[in-house]
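Just below is one structure, and these are the notes that go with it.
The values are calculated or read from the model by the stated rules, or taken from the named source; none is laboratory data. What you see is a predicted model, and the numbers here were worked out from it, not measured in a lab. Reconstructed Cβ throughout: ideal geometry from the backbone, glycine too, with neighbour counts over all protein chains shown.
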Amino acid sequence: MEDHEDAAARLEGYRRELTGYCYRMLGSVFEADDAVQETMIRAWRSLDRFEERSSLRSWVYRIATNVCLDALAAGKRRARPMDLCGPTSGATSPGAALEAGVWIEPYPGDPAELAVADESVRLAFVAALQHLPPKQRATLILREVLGFSAAEVADLHGSTAASVNSALQRARATLAARRTEAGEPAAAPAGTVQLALAERYAAAFSRFDMEELNMLLHVDATLSLPPYAMWMRGAGDIRAWLTGPAIGCRGSRLVPAVANGSPAFGQYRPSADGTGFDPWALQVIEVHDDRITGISFFRDTERLFPIFGLPARVDGR
């Protein structure tokens, strides 16, 4: 067997991709970090018993899968607001926030550091994964996102290749049905057109130019505000919300970021004393073709802004 220190260094090299895997499994950046740390602790403690009957990567993913399955057995399924209730009028103000453990959380950048950003990192896909039974969820991610073979996943689960392929087919069917039910198009990777669209959105939002925003939004675009169980559909209701209950967003500054492989912005509203701008939300922009199809305002700025590298406050008038 290879030197213990070399194996430990190789284990550490898997940390980033393991975080992407655990994030997809759990729907939470913070729970994913905890799961990876627990995986590393278990792996380090067991290195002397690693017998090389499988690759080190397969072995550490087996540990990570078990950690995630334990976490899922003890927690609640995470979701987006549109999974929990129907759309509301744009004139509606948010009610009481629900508990933090309910919500799909955004992830800074591309959680798997894929060479080409794909649908598997998008908020809608991560939310859809949460509807799969945990072992089906693991099977689909391992096979279709991370490229494990059926035999490798079977060894990881302690099952057979036939059962892995059967679970994969059921998982695909469930995801396809959910997409059809929600009427969601596949999100396009954030290429030049998408980034230019996001820049136009940021400029229009900062000016509070409702006419320009209306031109950028898909006719069925959605807006949600985790951790509130409230969302709206359609440019008309989005505009009504921005010019009504959210009128305090007028004059905001947007600082660019990246979340789940999509354009994102830290939003800072004018401070009460007029000396600067205070954090209000992390906006994640979802794009299809040449229109914005979704905007998520994540209000948990105290926890999210630091991991996205966003400043605590923006100075200036």
request  = For residues that are out of contact with any Leu (no Cβ under 9 Å at 6 or more places or on another chain) and more than 10 Å from ARG24 (Cβ to Cβ), scanning just the stretch 118-133, find the one that is modelled with the lowest pLDDT.
outcome  = ASP118
query = Out of (1) farther than 30 Å from GLY101 by Cα; (2) part of a loop (DSSP other than H, G, I, E, B), the odd one out for PRO227 is which?
reply = (1)
query = In the stretch 200-224, which residues are in a helix (DSSP H, G or I) and either polar (S, T, N, Q) or not assigned by TED's automatic domain parsing to the domain that holds LEU304 (or both)?
reply = SER206, ASN214
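Is there a residue being at positive phi, of a type outside the set (S, T, N, Q) and out of contact with any Cys (no Cβ under 8 Å at 6 or more places or on another chain) anywhere in the stretch 34-47?
Quick first cut of the stretch 34-47, residues at positive phi only: none.
For the stretch 34-47, residues at positive phi, of a type outside the set (S, T, N, Q) and out of contact with any Cys (no Cβ under 8 Å at 6 or more places or on another chain): absent.
Out of all the residues in the stretch 10-24, which are buried (at least 23 other Cβ atoms within 10 Å of the Cβ) and of a type in the set (A, V, I, L, M, F, W, C)?
Of everything in the stretch 10-24, those that are buried (at least 23 other Cβ atoms within 10 Å of the Cβ) and of a type in the set (A, V, I, L, M, F, W, C) turn out to be LEU18, CYS22.
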query = Which one of these does ALA35 not meet: (1) touching a Ser or Thr at 6+ places or on another chain (Cβ under 9 Å); (2) over 16 Å from GLN130 (Cβ atoms)?
reply = (2)
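Tally the residues that are part of a loop (DSSP other than H, G, I, E, B) and either β-branched (Val, Ile, Thr) or assigned by TED's automatic domain parsing to the domain that holds LEU18 (or both), restricting the search to the stretch 81-111.
3
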task = Could you figure out which of (1) at pLDDT 95 or above; (2) farther than 30 Å from LEU254 by Cα isn't true of ALA203?
result = (2)
message = Just to be sure I understand, how many residues within the stretch 74-109 are closer than 16 Å to GLY294 by Cα, touching a Leu at 6+ places or on another chain (Cβ under 9 Å) and of a type outside the set (Asp, Glu)?
response = 5
ask   = Looking at the stretch 243-310, what strands (runs of 3 or more DSSP E) fall wholly within it and have at least 2 residues that are hydroxyl-bearing (Ser, Thr, Tyr)?
value = 262-270, 291-298
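Please work out if ARG269 is modelled with pLDDT of 95 or more and charged (D, E, K, R).
On the way: modelled with pLDDT of 95 or more: yes; charged (D, E, K, R): yes.
Here the answer is yes, as ARG269 does meet what is asked.
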task = Give ALA257, ALA272 a once-over and let me know the one that is in contact with a strand residue (DSSP E or B) (Cβ under 9 Å, 6 or more places away or on another chain) and free of Cβ contacts under 8 Å to residues at least 24 places away in the same chain.
result = ALA272
